[in-house]
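Written out below as structure tokens is the structure these notes cover.
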Amino acid sequence: MWKAVRQRFGLFHADLNITQPQRDDGVTKAIGVGKALERAYNGSASDNPPIFLVGSWGKGTQLRPSTDIDIMAKFDCGVHERFEQRANNKQSQLLQEIREYLVEPYPQTDIRADGQVVVISFNTITVELVPVFPLSNGQYLMPDTNGGGRWKTVDPLAQIALVERVDAKTNGNVRALTKMVKLWNREKKTSLKSFVLELLVAEFMDIYPLASHDYFYYDWFIRDFFRYLKGRSGTHLSIPGTREAYYLGTDWVPKVDTAIENSTAACQWEYYDYDVTAGQEWQKIFGTRIPIYV
């Protein structure tokens with residue numbers, strides 16, 4: 001029984017991981033942007049500019065191909081004080097200033113300020129940069145230009161720490177399962193955001209009794225996570241390190257229902273070693289990147 005599960009999900013996981021050249025390219029682009037900002041604001045650049053990876057790259061849950069890399073750039077409090085003396089949307093003015101400083105070193109690159117980020121669209125990957133000001137409690141203040149502008153307190157390191165803790169506890173299964181679920185999300189084009197899925201997978205795996213097992217149990221991982229996800233519909237997700245609660249909504253539930261139906265059928269076919277039929281069911285969820293034949 002279940003003769004194909006371990007090999008199928010091992011191959012599937014390997015296909016979702018970004019390559020070393022892709023990783024190097026993303027990090028090199030991010031560091032280059034950080035150095036350009038450090039040079040603009042401090043007069044010279046160091047080998048380690050004050051930036052750090054957040055989002056999927058910070059959590060290690062980026063899905064191949066990764067179209068963007070999220071970074072936060074730490075600014076001196078003096079920059080914050082300078083913009084606080086201005087009128088109107090101070091946050092928008094900060095993002096525009098950063099954009100103008102980046103246009104000179106990257107004249108051939110599309111650069112725009114958008115909401116909370118400065119977007120630098122390189123040919124191979126897009127760098128999305130959020131300027132932040134460190135607070136004494138380890139959190140950060142970031143600009144939000146929406147609704148006339150405001151400063152928002154965020155704690156991206158708390159999200160990263162949650163994923164890291166549960167991933168270590170479950171032998172690396174949190175990051176692997178997250179990539180698979182994110183591929184489903186990409187294939188089905190739901191309204192669920194990546195960071196929501198990252199946190200929900202960590203939340204699920206933290207209490208799932210089988211979470212530390214290897215690929216042999218991944219068919220159940222998938223089926224049981226979708227059931228868990230449906231149970232969270234219409235509820236709020238607590239954002240680690242903040243008092244913020246994100247409403248998960250319900251519009252995505254029909255697509256989860258379909259995934260539950262398909263994964264339940266696939267699990268049954270895996271049990272009886274109808275591995276090709278099982279693979280066909282898995283492809284209804286994930287597309288062609290999960291193999292039929294193993």
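Structure above, values below:
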{"quantity": "Pick from the range 22-52, criterion charged (D, E, K, R) and out of contact with any strand residue (DSSP E or B) (no Cβ under 7 Å at 6 or more places or on another chain), ranking: least open to solvent (accessible area, probe 1.4 Å)", "calculated": "Glu38"}
{"quantity": "Failed item, numbered, when Val201 is tested on (1) without any contact (Cβ under 8 Å) to a residue 60 or more places away in the chain; (2) closer than 17 Å to Cys267 by Cα", "calculated": "(2)"}
{"quantity": "Per-region count, the range 245-289, residues touching a strand residue (DSSP E or B) at 6+ places or on another chain (Cβ under 8 Å) and either modelled with pLDDT of 95 or more or of a type in the set (D, E, K, R) (or both)", "calculated": "3"}
{"quantity": "The listed residue being basic (Lys, Arg) and surrounded by fewer than 13 Cβ atoms within 10 Å (Cβ to Cβ), out of Arg82, Arg86, Arg99, Arg64", "calculated": "Arg86"}
{"quantity": "Among residues of the range 115-148, those that are outside any strand (DSSP E or B), surrounded by 16 or more Cβ atoms within 10 Å (Cβ to Cβ) and touching a helix residue (DSSP H, G or I) at 6+ places or on another chain (Cβ under 7 Å), counted", "calculated": "3"}
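The values are calculated or read from the model by the stated rules, or taken from the named source; none is laboratory data. Everything quoted here is computed from the prediction, not taken from an experiment. Every residue, glycine as well, gets a Cβ built from its backbone with ideal geometry; the counts of neighbours run over all protein chains shown. Side chains are part of the model used for accessible areas, which takes the heavy atoms of the whole protein and leaves out ligands, DNA and RNA. Shrake-Rupley method; radii C 1.70, N 1.55, O 1.52, S 1.80 Å.
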